[in-house]
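Step one of this worksheet: look at the structure below.
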Amino acid sequence: MTRSYGGWQNTVTEEIDYDIPAELAEVYLVLLADVSRTGRLPRREELERLRKLGEHCAEAGYGLREVVSHCLAAARRAWQTLPGTSAASSVGELRRMGDAVLSATDAALAALGEGHERAQRLAVRQEEAARREFIDDLLFGRSDLGLLAERAERFGLRLAGSYTVAVAVGEEPFADVHPLVHRVERELAGRFGERDVLLAGKDGRLVCIAPDSERAVLEAFAELTLRPGPGYRPVRRVATGRRHSGPSGVLRSYEEALDALDYAYRLDLPARQLRAEELLVFPVLMRDRAAMADLVRSVLGPLTEARGGARPLLDTIAVQAEAAYVNAEAARRLGLSVRTLGYRLERIKALTGYDPADALQRFTLETAAMGARLLNWPEQPL
């Protein structure tokens with residue numbers, strides 16, 4: 001087949017892939033033909049045109065390797081018919097012409113690569129913006145659920161099933177470019193392959209959304225964030241919500257995980273891995289905030305009369321419960337002697353009228369003490 005490029009006739013074979021924009025072959029081969037004749041360097045406007053063609057190839061879905069291979073194949077087939085090749089009268093002239101063509105080829109392919117990479121970076125930014133918008137809508141429930149389910153398929157989620165959300169919080173805020181995020185992504189992909197899973201940074205936390213059938217993914221997520229290995233800072237806590245169905249189910253599970261982290265922080269729970277179902281008592285306790293405040297005020301209010309205030313005695317109630325009412329262990333945790341601990345317990349009984357040795361009264365004291373921590377009393381007035 002004979003094609004004309006800017007007045008220069010070149011014979012090519014049917015093997016050249018003209019699905020790649022024909023303009024690329026025209027611009028590239030015309031440049032090589034003129035360079036072979038004159039020995040000049042590529043002009044700025046020619047290189048910019050090649051950059052734009054590189055962008056167009058990327059937008060059309062052609063990989064950079066494919067584009068470069070196409071150009072090199074076209075140059076190899078056109079070599080014998082280049083004007084400089086046929087006009088060379090000596091080996092020296094042919095060598096000089098070859099050097100000029102190779103130099104132009106190098107510059108042309110670099111320009112194509114720049115344009116191709118520029119288009120890919122733009123596409124990545126646009127995809128990331130769409131991904132962040134989708135995650136915002138999914139985790140805040142701000143979009144029509146039907147449309148949200150359609151958009152979810154683009155990011156590998158099929159929201160018709162049941163999903164569970166795990167949330168990790170660290171000493172520093174997470175973003176999608178955080179090194180730990182990349183490590184977790186690599187490890188999860190290496191262990192489980194391409195699953196119906198979404199990992200993202202949200203409001204400084206690291207969020208993992210997985211179908212309930214992939215509980216192993218969530219366990220691996222918790223393990224990788226809590227114990228990421230050398231060179232990575234582990235997170236403080238990981239909380240997992242309960243499983244729920246549909247697009248709104250993701251939001252419910254996410255909110256449960258956030259609530260679990262909030263309760264763990266306010267109660268200073270020692271556990272680093274939390275499950276929402278294990279903490280359901282706290283939403284129940286706080287459902288009627290006024291009633292809880294009344295309980296704290298009625299049961300624990302007299303502790304403010306103690307020397308040093310209510311805080312030491314409140315801590316004693318909490319630590320006693322954590323130590324299963326083993327006085328020696330509770331005293332060790334509080335940094336007290338067993339005798340001093342006994343004195344505090346007597347003061348609690350005398351001031352409140354509730355005896356920690358009585359099962360029902362002990363439950364009332366524990367519940368009131370938890371309510372006090374949730375309400376930040378006595379630091380925050382009721």
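The values are calculated or read from the model by the stated rules, or taken from the named source; none is laboratory data. Note that the structure is a prediction, hence the values are computed from the model and not measured. A quick note on method: Cβ atoms are made from the backbone with ideal geometry, for glycine too, and the neighbour counts reach across all protein chains shown. Each accessible area value is taken on the protein alone, full model and side chains, heavy atoms only, with ligands, DNA and RNA left out. Shrake-Rupley method; radii C 1.70, N 1.55, O 1.52, S 1.80 Å.
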Here the qualifying pairs (Cβ atoms under 7 Å; residues six or more apart or on different chains; first in the range 355-382 and among the charged types (D, E, K, R); second in a helix (DSSP H, G or I)) come out as D355/K349; D355/Q361; E366/I317; E366/A321; R373/R266; R373/L267
Picked from the range 233-283 (must be free of Cβ contacts under 8 Å to residues at least 60 places away in the same chain, of a type in the set (K, R) and touching a helix residue (DSSP H, G or I) at 6+ places or on another chain (Cβ under 8 Å)), the residue farthest from Q380 (Cα to Cα) is R275
**Q.** R191 being closer than 19 Å to Y254 by Cα, open to solvent by 50 Å² or more (accessible area, probe 1.4 Å) and either in a loop (DSSP other than H, G, I, E, B) or not small (G, A, S) (or both)
**A.** no
Exception for R186 within (1) modelled with pLDDT under 75; (2) of a type outside the set (V, I, T); (3) within 30 Å of E55 (Cα to Cα) falls at (1)
A78: passes all of (1) under 43 Å from the mean Cα position of the chain (by Cα); (2) within 22 Å of A22 (Cβ to Cβ) but (1)
How many residues of the range 76-99 are part of a helix (DSSP H, G or I), open to solvent by 20 Å² or more (accessible area, probe 1.4 Å) and not hydroxyl-bearing (S, T, Y)? The answer is 13
If you check Y254 against the conditions, is it among the aromatic types (F, W, Y), assigned to a helix (DSSP H, G or I) and within 22 Å of E185 (Cβ to Cβ)?
-> yes
Scanning the range 165-183 for residues that are part of a loop (DSSP other than H, G, I, E, B) and small (G, A, S), the one modelled with the lowest pLDDT turns out to be A175
The one condition R65 fails out of (1) more than 25 Å from G98 (Cβ to Cβ); (2) surrounded by fewer than 19 Cβ atoms within 10 Å (Cβ to Cβ) is (1)
Within the range 212-251, the residues that are in a helix (DSSP H, G or I) and under 14 Å from A168 (Cβ atoms) are V217, L218, E219, A220, F221, A222, E223, L224, T225, L226
Here the qualifying pairs (Cβ atoms under 8 Å; residues six or more apart or on different chains; first in the range 183-206 and under 17 Å from R236 (Cα atoms); second of a type in the set (S, T, N, Q)) come out as V184/T225; L206/T225
So, D294, is that one of a type in the set (D, E) and out of contact with any helix residue (DSSP H, G or I) (no Cβ under 8 Å at 6 or more places or on another chain) or not? yes
Could you go through the range 138-152 and let me know if any residue there is hydrophobic (A, V, I, L, M, F, W, C), open to solvent by 90 Å² or more (accessible area, probe 1.4 Å), closer than 26 Å to R275 by Cβ and modelled with pLDDT under 85.
yes
Every listed condition ((1) open to solvent by 50 Å² or more (accessible area, probe 1.4 Å); (2) farther than 16 Å from Y28 by Cα) holds for A58 save (1)
